[in-house]
1. Rounded to whole Å and sorted largest first, list the principal axis extents of the Cα atoms in region 500-568.
2. On full extension of the chain, what length is gained from T578 through I865, given 0.36 nm per residue of separation minus the C-alpha to C-alpha distance?
3. Could you pull the accessible area for H775 with a 1.4 Å probe, rounded to 10 Å²?
4. Check which residues have an amide H placed less than 5 Å from V410's amide H, if you skip close sequence neighbours.
5. With θ set to phi - 60°, apply the Karplus curve 6.51 cos²θ - 1.76 cosθ + 1.60 along region 225-235 and write out the HN-Hα couplings as whole Hz, x wherever there is a Gly or Pro.
6. With equal scatterers on the alpha carbons only and no solvent term, can you work out the Debye log10 of I(q)/I(0) for region 372-549 at 0.09, 0.13, 0.17 1/Å?
7. Starting from the Cα of L852, step 7 Å along the direction of its Cβ; do the same at T217; then give the gap between the two resulting points in nm.
8. Could you tell me which of L441, S473, P519 has its Cα farthest along the dipole of region 372-549 towards the positive end, charges placed at Cβ (Lys, Arg +1; Asp, Glu -1), taken about the Cα centre?
Amino acid sequence: MADSPVELPNRLAILPFRNKVLLPGAIVRIRCTNPSSVKLVEQELWQKEDKGLIGVLPVRDSEATAIGSLLSPVVITLVGVGSDSGGGGSKAVGSAGESSKQHLKNGKEPIQWHTKGVAARALHLSRGVEKPSGRVTYIVVLEGLCRFSVQELNARGPYHFARVSRLDMTKTELEHAEQDADLIALSRQFKATAMELISVLEQKQKTVGRTKVLLDTVPVYRLADIFVASFEISFEEQLSMLDSVDLKVRLSKANELVDRHLQSILVAEKITQKVEGQLSKSQKEFLLRQQMRAIKEELGDNDDEEDDVAALERKMQNAGMPANIWKLAQREMRRLRKMQPQQPGYSSSRAYLELLADLPWQKVSEERELDLRAAKESLDQDHYGLTKVKQRIIEYLAVRKLKPDARGPVLCFVGPPGVGKTSLASSIAKALNRKFLRISLGGVKDEADIRGHRRTYIGSMPGRLIDGLKRVSVSNPVMLLDEIDKTGSDVRGDPASALLEVLDPEQNKAFNDHYLNVPFDLSKVIFVATANKMQPIPPPLLDRMEVIELPGYTPEEKLKIAMKHLIPRVLEQHGLSTANLQIPEAMVKLIIERYTREAGVRNLERNLAALARAAAVKVAEQVKTLRLGKEIQPITTTLLDSRLADGGEVEMEVIPMGHDMSNTYENPSPMTVDEAMLEKVLGPPRFDDTEAADRVASPGVSVGLVWTSVGGEVQFVEATAMVGKGDLHLTGQLGDVIKESAQLALTWVRARAADLNLSPASDINLLESRDIHIHFPAGAVPKDGPSAGVTLVTALVSLFSNRKVRADTAMTGEMTLRGIVLPVGGVKDKVLAAHRYGIKRVILPERNLKDLSEVPSPILSGMEILLVKHIEDVLDHAFEGGCPLKSRSKL
């Protein structure tokens, strides 16, 4: 059982083995590329004819230490792993102490050398071709011989030397240990486990026969190291095996590792057998299915009604596909028939064919004869006001009546929320007797939402247009592209660019969806788009649409809409009627004036719904028992109880009654909304007519008019002066354009300070030793645009002259550096906003006179519109008694 121990010299050259361990009896192949390792191999092995032993010492790799510094002789730290021999702990030995301290000062981590290693001899040595840089690579095949312990480690020259002592037992100690009963039992147990492992591996590998020979010839203490070295175990387990000097401990650990490896092989084999069994089961099912199909064909019992693939093919035949698409569908169907339902591509191929079968290739909605008068009455019934918009729709319908196949324009309704854009598109579908399809584009950033995904992707699906046509099952619906101004773009594409093909009559007759991958005719679809504002829509897309602007409603129009449309709808939605709740016209007017300031009617409808909910609570809490009328007397004794008490039989028959029961029950009086109920349900009034007067009560404040995506709004501008260095401060989340307008306004006021009586002479600096701060309230709302120029000048003149601006006057207009007032947009919305705030005078640029034709006459009759051409005219109208100037120059 014992063999001759190797004679170990006291001093060995040390080869670092990074994150690996060489065990005695194991053979490893090492590729040496590091300069220090190459130098060791050259001097100790390559150049010596009588090659001696070298020491292989495990080195723990550090994340903060590169390979070059790992092998450099700077800091040496010996790390011991606790074992049965007791060689644990970490210690610095040898002459490296001084360099270790110096290296730690430099901030570098020490190299972690293990305290135990293995002496090895070279079985094979080969030298690579020297590279132009002078670098040489050696490949060394080493055999581990015996364990040693490092007593002292020195860095002399390019590599390390160590003074070592032998750890393995001597020949006498081995012969004495072989007589130990415990060791004999461990040896038998290890051999039994190793034999079982060899038996399992014998079924897969042909080279295990040599391993059987090792069990009979190699000593057990060496056999344990050889077996463990052939497994893939962790570095820590390798170190633990290296530190196991005691034979009993070594055999116990080896037995544990061999048994664990055996169990992992058995579990893997069990899983493999299970998978192969499932595959064989699938193959068996396929074979049986093919045999069943052949038997049915022989018996003539192949029922097409039960075959869903055949049903899908019949559905495709009835879909009315064009010839080129039908040819492609047949090819895909033949491919589907060759596939099994378990195959990965079966479900995607079937879903594609079902889409082809469901699409309305030829199916259209039958349009009845267009009656323009009936269409006009329907529009008037569904929508109040909007005269120009309804007239454009009637014109569109008239063209469709004269030329049904005419390619009409794509209408785009632009206006604030709640003005009826979506309901107008629904009315067009109703007038044409077509199905209505709404596609919301708000927040869409992926081009695939329009064009679909390619079928090569997992979870691919068609675009929203093709999917919508599949749902309505007709090829000529009225398709509403809602919120077209709120599409975005990112790395996945630009949906707005994809819509260019959809909305172009010359291209959409062959629209190509990526998922469908065949052309589909969209020319029969009537497209209607909606948007809150035109600015975000790309110009090429906007060019393909006819824009129809829907401005906000006047208070009178809101009142009519509420009485005619909103109140009946709200009552119906809450299960009420006029017998339960009545909202007088005067109360609706108060709601409009005090609780809503909007271009549309959505907040008005919400407030009416709040009143309806309060009334619903009252109605639901009323006593459920009904009071009888005067003509009906209550029954004091139950007839059924008396008959049962006498033991008689009970017969039931229907007795006709001539009495009218319509007025039998008395209804409670309806609830009428008054001011007290308004304040109780809706809270105190949110708006009043005195806001403008309160805001401009001090100099430096002016009232401007701005346009937003939700309609016109009143914007106050505040300016104040303070001690400083002549700087201008702007706040209120302002854009670049409005900041430039503020700088322009200040420049104009400073240049005309003497003419405006703001300073005694023109050479006096108006901003001497003071700063100006201009603020736009509602700081959380972004603001930008040039229309605040005249408002900024008025606020600055009011500040410097210490005169208050008229509270009943609002203004809008862009100004130049020479004081000319330029026209602006959104005039109708701005005038309506001033009317909502109770402002009676509005200053507009003279060149905006043409835009006043869009403002309703009742609004204009109650307001004073002041048209100006120069900024001096603005100041003259903005202040009480005018603004006297020294020289009224007109540029």
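1. That gives 52, 29, 19 Å along the principal axes, largest extent first.
2. Contour length minus Cα-Cα distance gives 99.1 nm.
3. The value for H775 is about 60 Å².
4. E546
5. Computed from phi, the couplings for region 225-235 are 5, 5, 5, 5, 5, 7, 9, 8, 10, 6, 4 Hz.
6. Values returned for q = 0.09, 0.13, 0.17 Å⁻¹ are -0.31, -0.65, -1.09.
7. Modelled inter-label distance: 11.7 nm.
8. Towards the positive end, the residue furthest out is S473.
The values are calculated or read from the model by the stated rules, or taken from the named source; none is laboratory data. As the structure is a computational prediction, the values presented were derived from the model and not from experiment. Neighbour counts are summed over all protein chains in view; Cβ atoms, including those assigned to glycine, are modelled from backbone coordinates with ideal geometry. Side chains are part of the model used for accessible areas, which takes the heavy atoms of the whole protein and leaves out ligands, DNA and RNA. Shrake-Rupley method; radii C 1.70, N 1.55, O 1.52, S 1.80 Å.
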